[in-house]
1. Residue by residue through the range 40-56, what is 3J(HN,Hα) from phi via Karplus (6.51 cos²θ - 1.76 cosθ + 1.60, θ = phi - 60°)? Round to whole Hz and write x for glycine and proline.
2. Please give the per residue accessible area of the chain, computed with a probe of 1.4 Å over protein heavy atoms only, in Å².
3. Given +1 on the Cβ of Lys and Arg, -1 on the Cβ of Asp and Glu, and no further charges, what dipole in debye does the chain carry about its Cα centre, rounded to the nearest 20?
4. If each of PHE52 and ASN65 carries a label point 7 Å out from its Cα toward its Cβ, how far apart are those two points in nm?
5. Could you give the length gained on full extension between ASP35 and SER78, defined as 0.36 nm per residue of separation minus the Cα-Cα distance, in nm?
6. One quarter of the convex hull surface, Cα atoms only: what value does that give for the chain in nm²?
7. On the accessible surface of the chain, probed at 1.4 Å, how many percent belong to carbon and sulfur atoms?
8. Between exposed GluC sites (Glu not before Pro) in the chain, where DSSP calls loop and at most 13 other Cβ atoms lie within 10 Å, what's the longest gap?
Amino acid sequence: MNVEFEKALKYIDTESYEKAIACLNNAIIQEEDEDNLSTATEYRCVLGELYFRMGMEAQARDELNEVVRYCDETNTLSKQREI
């Protein structure tokens with residue numbers, strides 16, 4: 001698992017959401033750079049959920065729309081698609 005993603009989860013647990021967002025964005029970029037688009041999409045889903053929890057609906061919508069787009073194109077990640 002990506003170190004930045006692990007850090008993000010710890011920050012979420014301690015309610016350090018701004019730091020979690022930064023780590024999630026870093027994790028997404030790293031996975032995309034390594035062409036791990038499925039993993040990047042899973043991380044993007046967590047980011048969208050975090051934005052929603054924080055009341056940042058526009059950002060949540062943007063992230064989750066990307067998740068749905070990827071899921072529809074690849075017919076994968078049914079759990080993330082459902083979220």
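The values are calculated or read from the model by the stated rules, or taken from the named source; none is laboratory data. Bear in mind the structure is a predicted one, so any value in this text is a computation, not a measurement. Using ideal geometry, Cβ is built from the backbone for each residue, glycine included, and neighbour counts are taken over all protein chains shown. Surface areas here come from the heavy atoms of the whole protein model, side chains and all, with no ligands, DNA or RNA. Shrake-Rupley method; radii C 1.70, N 1.55, O 1.52, S 1.80 Å.
1. Computed from phi, the couplings for the range 40-56 are 4, 5, 4, 5, 5, 5, 4, 4, x, 5, 5, 4, 4, 4, 7, x, 9 Hz.
2. On the way: 5270 Å² over 83 residues.
With all protein chains present, the chain gives 64 Å² per residue.
3. Details: 9 positive and 19 negative charges, 59 e Å.
For the chain, the charge dipole is close to 280 debye.
4. That separation, rounded to one decimal, is 1.6 nm.
5. Gain in length upon complete extension: 13.5 nm.
6. Projected area, direction-averaged: 5.0 nm².
7. That fraction is 45 percent.
8. 35-83
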